[in-house]
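What follows is one structure encoded as structure tokens, with my remarks underneath.
The values are calculated or read from the model by the stated rules, or taken from the named source; none is laboratory data. Keep in mind that this is a model prediction, so the values were computed, not measured. Backbone-built Cβ (ideal geometry, glycine too); neighbour counts: all protein chains shown.
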Amino acid sequence: MSNRNVAMRRVDVRRRVVEHVNAPRREDPTSGGANAPAVASYIADMTAQLEAMAMAAHLDLLAYFLAMARAEGESASHVDIGAASEDAPPD
């Protein structure tokens with residue numbers, strides 16, 4: 001790898017670290033009183049990040065399983081929200 005490529009990669013890593021540090025923080029839904037849709041959404045977000053890491057490391061099978069977990073988390077968060085709205089009385 002040339003010096004230019006190494007330097008470009010370092011800049012990219014630094015940019016991603018700064019973006020991560022400056023990203024808005026969501027409250028951890030596992031810290032007491034969290035409902036199922038919030039936990040499912042949190043898990044979907046976390047597995048999406050892990051999936052990206054696995055893909056970058058060319059861990060294809062692991063990335064696939066993490067993508068499945070992310071999709072299930074997204075599905076569970078939407079299904080539970082939809083079920084709760086169906087129980088609500090009409091306006």
Quiz item: Can you name the residue in segment 38-75 that is charged (D, E, K, R), farther than 25 Å from ARG9 by Cα and surrounded by 17 or more Cβ atoms within 10 Å (Cβ to Cβ) and, of all such residues, is modelled with the highest pLDDT?
Solution: ARG70
Quiz prompt | segment 36-74 - residue that is under 13 Å from the mean Cα position of the chain (by Cα) and among the hydroxyl-bearing types (Ser, Thr, Tyr) and, of those, nearest to PRO24 (Cα to Cα) | solution = TYR42
